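Undergrad: Below you will find the structure I want to go over with you.
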Amino acid sequence: MVIRTERSPQEEQLVAAFRAVFDASVMNFGSYNLLYAENVFGREEHPELLLSSTKAPAAELSAQEAVESARHLIVGYRREPAELVLCPVDPAALLPPDDDDAAPSPRVPVLVNLTNLAGMAADDTTVEIALSTGRRVKLDVQTLVTFEQIPGVPLHQQFDVEDFYTFLDHFMDVVERKRN
């Protein structure tokens with residue numbers, strides 16, 4: 001969601017819905033590029049974390065536990081300072097996007113930077129991130145994403161994914177320089 005492309009009005013609404021959740025959840029939100037990724041490790045065993053849930057949380061999870069268990073994430077990234085933000089999102093609560101001006105529910109994101117990154121590995125369309133606390137996510141990053149709630153509105157992320165992988169190279173260079 002970093003580079004403008006020819007998107008349909010419905011796809012622009014989808015991008016705006018994801019951006020609104022991220023913006024409501026993250027300070028300095030405007031300085032981040034975004035893309036959607038599915039967390040392969042995510043199980044969504046905690047329905048109380050979903051935006052659409054009417055249940056009150058039975059037990060509070062830490063932000064890292066919530067991200068680790070979330071199936072759907074908005075990934076924010078920026079080069080200066082080099083960091084990632086993983087923000088859970090519930091597509092069922094956002095899709096199809098509304099035209100009303102209801103404020104999105106903020107989520108508690110997890111910041112990934114030089115202080116808490118334990119390891120990172122990229123392979124084809126997946127990026128695995130290990131945090132110093134032992135929590136892990138495995139992002140499935142696709143150039144074309146569809147959602148069952150709006151099957152006729154694909155999310156095109158080709159340029160976003162290319163930029164994200166360029167960022168990951170930069171991020172790992174920064175990590176290596178700090179370790180040496």
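Undergrad: What do you get for GluC sites (Glu not before Pro) in segment 89-180 restricted to DSSP loop and a cutoff of at most 16 other Cβ within 10 Å of the site's Cβ?
TA: Sparse-neighbourhood loop GluC sites (Glu not before Pro): 148.
Undergrad: Test of understanding: what is the full-extension gain from residue 124 to residue 41, defined as 0.36 nm times their sequence separation minus their Cα-Cα distance?
TA: The residue 124-residue 41 span can extend by a further 28.2 nm.
Undergrad: Testing the spin-label approximation: label points 7 Å from Cα along Cα→Cβ at residue 12 and residue 24. State their distance in nm.
TA: The modelled label-to-label distance comes out at 2.2 nm.
Undergrad: When Lys and Arg each count +1 and Asp and Glu each count -1, what net charge do the other residues less than 11 Å away from residue 34, Cβ to Cβ, add up to?
TA: Counting the neighbours of residue 34, the net charge comes to -1.
Since every read-out is calculated from the coordinates, none of them should be taken as a lab result. These figures come from a predicted structure and were not determined experimentally. Quick reminder, even Gly has a Cβ in these numbers, built from the backbone with ideal geometry, and neighbours come from all protein chains shown.
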